[in-house]
1. Given the conditions (1) over 16 Å from residue 33 (Cβ atoms); (2) within 9 Å of the ligand (Cβ to nearest atom); (3) in a helix (DSSP H, G or I), report the number of the one that residue 116 does not fulfil.
2. Quick check on residue 64: is it closer than 18 Å to residue 29 by Cα and more than 8 Å from the ligand (Cβ to nearest atom)?
3. Considering only residues that are in a helix (DSSP H, G or I) and more than 8 Å from the ligand (Cβ to nearest atom), which ones fall in the range 83-99?
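Throughout, read-outs are computed from the coordinates displayed, never taken from laboratory work. Nothing here was measured: the structure is a model prediction, and the numbers come from that model. Cβ placement follows ideal geometry from the backbone for every residue including glycine, while neighbour counts extend to all protein chains displayed.
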Ligand code: HEC
């Protein structure tokens, strides 16, 4: 019987497969922590006189600035009330302009209100 020893190529293939899996899992994790803008969010925002662009900008700011000092906190961690207390502190920490703060707040509060309803 031939003895099978892992060749360098096999090992490389395994490492590639493992890292591809990690990337996929990592992105899925981010999407559930900071969910992409969807139709339910847009409908909820529109009922408050906001729009999709505001939510999209808010999410981009979240991804850009809210993971600089700590892992981006999952939006589902807090309910609307919780976020209303925390966000102003974090706007300051992230040096957001008032426009950026408004966009980010619109996104986070819209997502958390939808969650609270579930
Ligand atoms: C400059 C660094 C920094 C940035 C940028 C930052 N944070 Fe924080 N964050 C902290 C620190 C430090 C704490 C620890 C608790 C505190 O100081 O209130 C924290 C705590 C938190 C908490 C837990 C709050 C609590 O009171 O338990 C949440 C949620 C949070 N941050 C969300 C955010 C969001 C959303 C953003 C983007 C607007 C953000 N952070 C940007 C430094 C930062």
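1. (2)
2. Here the answer is yes, as residue 64 does meet what is asked.
3. 84, 88, 92, 98, 99, listed by residue number.
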